[in-house]
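**Student:** Mind having a look at this structure? Questions to follow.
Quick note: the coordinates plus some simple rules give every number you see, no bench work behind them. Quick caveat: nothing in here was measured; it's all calculated off a predicted structure. Every residue, glycine as well, gets a Cβ built from its backbone with ideal geometry; the counts of neighbours run over all protein chains shown.
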Amino acid sequence: MAQLMTCDIVTPEGLLFSGEAEYISAPAAEGGIGFMYQCAPFMSTLKNGAVRVKKTMNGDAHTFAVGGGYVEVDGRKVVVLASHAIDMEKVDIAISQERIELNEQRLAELAEDDSRAVFVRQEIDWHRSLIELKQDENKGVV
Amino acid sequence: MPNLRDIKKRINSVESTKQITRTMEMVATAKIRRATERIVAATPYALAMVEVLEAIAARSAGAVSPLLEVRDPIKRIAIIVITSDRGLAGGFNSNVLRAADKFIAAKRAEGIECDIVACGKKAIGYFKYRKLPVELSFKDQSADPQLSQSREIATMVIDSYTKEKVDQVVVFYNHAKNVADQVVTSEVILPVEKVEYHEIGEEEESTTHLDESAKTAAAASAALMAEAKSSAHTVSSASEAQGDFDYEPSVDEVLDALLPSYVETRIFHALLDSAAGEQGARRKAMKSATDNATEMVSTLTRVYNRARQGAITTEITEIVGGAAALEEE
């Protein structure tokens with residue numbers, strides 16, 4: 001059995017996940033990337049996407065939707081510091097859909113160059129990516 | 001002579017007020033714990049973020065992020081004022097508001113305009129009454145700050161800053177120095193001058209002057225903070241191994257991407273700190289209200305007893321006087 005890496009997923013609100021895994025993948029700035037024990041030190045910003053934590057290489061992955069922040073690896077330890085992060089099981093397409101509609105309404109009310117619009121657009125992007133990830137998962141694309 | 005029934009009524013009313021204030025005191029004490037727990041939960045992220053930023057900033061040759069650029073002269077300032085939604089917390093809100101108001105007035109005198117972001121109903125009400133325009137406001141979240149709130153504030157001020165609509169961003173809030181004391185704090189969060197971790201909820205003074213319940217709360221929060229630090233240590237240990245990291249896309253770009261998150265974290269921490277301070281201030285205010293009520297009840301009871309004794313004495317004198325009058329006949 002391959003050696004395990006420790007993995008922490010941290011959000012501003014608290015530690016979301018902490019445990020050991022054989023393989024961890026993350027949505028890095030220039031495309032998805034996977035880590036195993038003894039990989040080269042690496043650091044990247046995160047895009048909206050899924051972090052997959054596999055206890056064993058062929059086992060099931062525990063999936064988290066993440067966005068913003070960074071991922072950092074030193075060969076033994078993976079730290080995902082995400083601005084947004086949620087356990088994939090807790091993602092609800094209906095709720096995200098609702099949020100998107102709500103924010104689109106808000107966006108329509110704001111002027112194009114309003115500073116508040118930036119945040120609203122980010123929220124819409126985040127929920128869109130959540131829906132996409134959830135749909136992929138439901139289809140079994142993973 | 002005061003009417004016995006009136007005094008009795010007063011005592012009852014003070015007693016029931018005391019019950020309310022005592023309940024509020026206990027509720028606030030319980031909430032301090034929850035607020036502290038939230039701060040503790042947020043600590044690993046903040047610590048790791050600061051460590052990574054320090055590491056990257058050291059590597060980055062010439063950091064060119066607009067968020068680092070210090071502007072001179074300053075023409076417009078965005079100020080974020082954090083208060084609570086509810087009152088009954090002593091000078092908690094008025095202290096922050098007074099400090100912010102003074103700041104605005106001073107800047108006005110220099111010809112600098114201020115954009116206001118108001119967090120908490122008390123701040124909204126205050127600025128509305130003063131007819132000062134509020135750019136962005138939040139309510140109903142002061143006791144339980146949401147991340148989305150700090151994110152919205154952060155993206156807004158960052159956007160204003162990069163577009164040069166404002167040249168500085170300052171936050172005003174109550175820092176919970178310990179369970180009993182709050183200090184009004186103002187911090188410049190943009191431009192980012194120095195990346196540092198702001199310790200919050202930390203015991204800085206001896207707790208000897210605190211009463212029993214405050215001591216328990218203080219001890220609990222101190223234990224939580226210690227726990228947070230040890231767990232935070234494990235989270236951030238990856239960056240300690242200063243190997244040659246591969247940065248993607250590049251060191252500078254990573255730095256640029258993380259600075260907004262750092263600003264967001266600062267604001268989130270100010271909100272959490274203020275939430276903890278609010279409960280602390282309320283606990284203290286309600287504690288002194290309860291003490292006052294207790295004192296008042298004992299004074300009133302004394303007056304009541306004296307009046308009753310007086311009435312009895314008068315009655316006895318009357319009876320004795322009446323009996324003597326009968327004997328004489």
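**Student:** Sort B:Asp273, B:Asp252 so the one with the fewest other Cβ atoms within 10 Å of its own Cβ comes first. Please list the in-between numbers first.
**Tutor:** Details: B:Asp273 26, B:Asp252 17.
Lowest count first: B:Asp252, B:Asp273.
**Student:** I'd like the mean, over residues of B:145-153, of how many other protein chain beta carbons sit within 10 Å of each residue's own Cβ.
**Tutor:** For this peptide, the per-residue mean of nearby foreign Cβ atoms is 3.
**Student:** Here's another thing I want to ask about it. Please work out the FRET efficiency for the pair B:Ala105 and B:Val70, using the Cβ-Cβ distance as r and a Förster radius of 30 Å; give the result to the nearest 0.05.
**Tutor:** 0.80
**Student:** Turning to a different aspect of this structure: Given a cut-off of 30 Å, name the pairs among B:Lys9/B:Lys122; B:Lys31/B:Lys121; B:Lys31/B:Lys139 whose C-alpha atoms lie farther apart than that in the structure shown.
**Tutor:** Over 30 Å Cα-Cα: B:Lys9/B:Lys122.
**Student:** Another one. Just for region A:8-142, what percent of DSSP beta bridges are antiparallel, to the closest 5?
**Tutor:** Around 90 percent antiparallel, to the nearest 5.
**Student:** Order these by the 10 Å Cβ neighbour count, fewest first: B:Leu136, B:Leu272.
**Tutor:** Values: B:Leu136 19, B:Leu272 28.
Going from sparsest to densest Cβ surroundings: B:Leu136, B:Leu272.
**Student:** Using alpha-carbon pairs under 8 Å, 6+ residues apart, how would you state the relative contact order of region B:80-196 in percent?
**Tutor:** Contact order relative to length: 27 percent.
**Student:** Can you give the net charge of the other residues whose Cβ lies under 11 Å from the Cβ of B:Ile80, counting K and R as +1 and D and E as -1?
**Tutor:** -2
**Student:** Now, a different point. Through the Karplus equation 6.51 cos²θ - 1.76 cosθ + 1.60, θ set to phi - 60°, convert the phi angles of region B:150-155 into ³J(HN,Hα) values in whole Hz; use x for Gly and Pro.
**Tutor:** Those phi angles translate into 5, 5, 5, 4, 4, 4 Hz.
**Student:** Please check which bits of region A:31-48 a label hung off A:Gln3 would reach, taking the label as a point 7 Å along Cα-to-C-beta and the cut-off as backbone N under 20 Å.
**Tutor:** A:34-43
**Student:** Still on this structure, I have one more. Explain nothing, just compute: Karplus ³J(HN,Hα) = 6.51 cos²θ - 1.76 cosθ + 1.60, θ = phi - 60°, for every residue of region B:175-183 in order, whole Hz, x for Gly and Pro.
**Tutor:** 8, 7, 5, 8, 4, 9, 10, 10, 10
**Student:** Take every DSSP beta bridge whose two residues both sit in the protein assembly as shown, then give the antiparallel share in percent to the nearest 5. Before the final figure, lay out the partial values.
**Tutor:** Working: 42 of 66 bridges.
Expressed as a percentage, antiparallel bridges in the protein assembly as shown total about 65.
**Student:** Starting from the amide H of A:Leu16, placed 1.01 Å from N in the peptide plane, find each other amide H under 5 Å away whose residue is 5 or more places distant or on another chain.
**Tutor:** A:Ile9, A:Val10, A:Thr11
**Student:** Would you please give the residues with an amide H less than 5 Å from that of B:Leu190, counting only those at least 5 places away or on a separate chain, with H modeled from the backbone geometry?
**Tutor:** Sorted by chain and number, the residues that satisfy this are B:Val169.
**Student:** How big is the shadow of the Cα convex hull of region B:259-329, averaged over all directions, in nm²?
**Tutor:** Seen from a random direction, the Cα hull of region B:259-329 projects 4.8 nm² on average.
**Student:** Where does each of B:76-83, B:46-53, B:184-191 land if you order them by average Cβ count within 10 Å, highest first?
**Tutor:** Sorting B:76-83, B:46-53, B:184-191 by mean packing, highest first, produces B:76-83, B:46-53, B:184-191.
**Student:** While we're here: Given a Förster distance of 30 angstrom, what is the FRET efficiency for B:Met296 paired with B:Ser94, based on the Cβ-Cβ distance and rounded to 0.05?
**Tutor:** About 0.75, to the nearest 0.05.
**Student:** Can you give me the orientation-averaged projected area of the convex hull built on the Cα atoms of region B:97-190, in nm²?
**Tutor:** Averaged projected area of region B:97-190's Cα convex hull equals 6.6 nm².
**Student:** Continuing with this model, one more query. How far apart, in nm, are two points set 7 Å out from the Cα along the Cα-to-Cβ line at B:Val134 and at B:Ser288?
**Tutor:** So the label points at B:Val134 and B:Ser288 sit 2.7 nm apart.
**Student:** Counting helices only, and only those DSSP H runs with n ≥ 4, report the 222 nm mean residue ellipticity of chain A as the sum of -39,500 (n - 2.57) divided by its residues, in deg cm²/dmol to the nearest 500.
**Tutor:** So the calculated ellipticity at 222 nm is -10500 deg cm²/dmol.
**Student:** Kindly put B:Ser160, B:Ser274, B:Ser84 in sequence by how many other C-beta atoms sit within 10 Å of each C-beta, fewest to most.
**Tutor:** Lowest count first: B:Ser160, B:Ser84, B:Ser274.
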